[in-house]
Amino acid sequence: MERFKNSGDLRHSISLYFDNALNTADEKNLIDRVNADPTYSRIFNKEKNFRDFIKNNVKRPTVSPDLIQTIRSRVKID
């Protein structure tokens, strides 16, 4: 099994995976490597846990209905 050239390549691929930006073949390749190598698995799970923490603990401000209407009125949809 070929290893990533460096940890930056692996981290970049994992980031793309979580951003749904990998094609099917690259996604399968990454998951196969994560399942086969404990080091890859550790890095993958660390990123997953970090993203889950952010998703569940960082509050996004709400947008007022007036702002939404103002944006919609300025955007012309054909």
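Scan region 58-71 residue by residue and report those that are within 18 Å of D19 (Cβ to Cβ) and either at pLDDT below 90 or in a helix (DSSP H, G or I) (or both).
Across region 58-71, the qualifying residue is only R60.
Looking at region 10-52, which of its residues are aliphatic (A, V, I, L, M), assigned to a helix (DSSP H, G or I) and in contact with a helix residue (DSSP H, G or I) (Cβ under 9 Å, 6 or more places away or on another chain)?
Answer for region 10-52, where residues must be aliphatic (A, V, I, L, M), assigned to a helix (DSSP H, G or I) and in contact with a helix residue (DSSP H, G or I) (Cβ under 9 Å, 6 or more places away or on another chain): L10, I14, L16, L30, I31, V34, I43.
Tally time: how many residues in region 28-51 are surrounded by fewer than 12 Cβ atoms within 10 Å (Cβ to Cβ) and not basic (K, R)?
So the count comes out to 5.
Quick one: would you say K55 is part of a helix (DSSP H, G or I) and surrounded by fewer than 10 Cβ atoms within 10 Å (Cβ to Cβ)?
Criteria met by K55.
Would you please list the contacts, defined by Cβ atoms under 7 Å and residues six or more apart or on different chains, that run from a residue in region 14-27 that is surrounded by 13 or more Cβ atoms within 10 Å (Cβ to Cβ) to a residue that is not in a helix (DSSP H, G or I)?
If the second residue must be not in a helix (DSSP H, G or I), the pairs left are L16/L22.
The values are calculated or read from the model by the stated rules, or taken from the named source; none is laboratory data. Here the structure is a predicted model, which means the values were calculated and not measured. Cβ coordinates were reconstructed from backbone atoms using ideal geometry, including for glycine residues, and neighbour counts include every protein chain displayed.
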